[in-house]
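Take a look at the structure set out below.
The values are calculated or read from the model by the stated rules, or taken from the named source; none is laboratory data. What you see is a predicted model, and the numbers here were worked out from it, not measured in a lab. Here Cβ is always computed from backbone atoms with ideal geometry, including for glycine, and neighbour counts include all displayed protein chains.
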Amino acid sequence: MSAKPFRSITVIDQLDWKLPTPRPFGRDAKGDFAVNHVVDNPEQSRFELIVDGITAFAGYRLEGGRIAFTHTEVPPELEGQGVGSALIKGALDEVRTRRLRVDPLCSFVRHYVETHAAVQDLVA
């Protein structure tokens, strides 16, 4: 029986070579959630962020020059990924451009405002 010839194998160092990471809808080039994808849906009185085809939203009530955030919902598939924070950041950016005051009735929005000094001036 004759021995089969040995094939040479090229080993690629994992630190030098990586497959590109796919970027689902709603994420920017770094893989972070793009807050510019947060949109106002006034017909349903909510701001929305669509990630991987799934919608997270923050419900609100407009009262004159005030916006009261009443409820934030992030589907279980998106929990723990920063989707809620990206949603609220984008919503508050839009609120600032409209020069509205914020009434954070929703506990998630209230916590976000309390822990982000840059938006605390929006609170009514």
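Per-residue answers, yes or no, for (1) buried (at least 16 other Cβ atoms within 10 Å of the Cβ); (2) modelled with pLDDT of 90 or more:
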| site | (1), (2) |
| --- | --- |
| Lys18 | no, no |
| Asn36 | no, no |
| Arg46 | yes, yes |
| Ala58 | yes, yes |
| Ile67 | yes, yes |
| His71 | no, yes |
| Gly84 | yes, yes |
| Leu87 | yes, yes |
| Ala91 | yes, yes |
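Among the residues of the stretch 34-54, are any among the basic types (Lys, Arg) and in contact (Cβ under 8 Å) with a residue 40 or more places away in the chain?
No - not one qualifying residue is present in the stretch 34-54.
In the stretch 54-82, what residues are touching a Phe, Trp or Tyr at 6+ places or on another chain (Cβ under 7 Å) and outside any strand (DSSP E or B)?
Gly82
If we scan the stretch 100-107, do we find a residue that is surrounded by fewer than 15 Cβ atoms within 10 Å (Cβ to Cβ), at negative phi and in a helix (DSSP H, G or I)?
Yes: one or more hits.
Which number in (1) without any contact (Cβ under 8 Å) to a residue 24 or more places away in the chain; (2) part of a loop (DSSP other than H, G, I, E, B) marks the one condition that Val113 misses?
(2)
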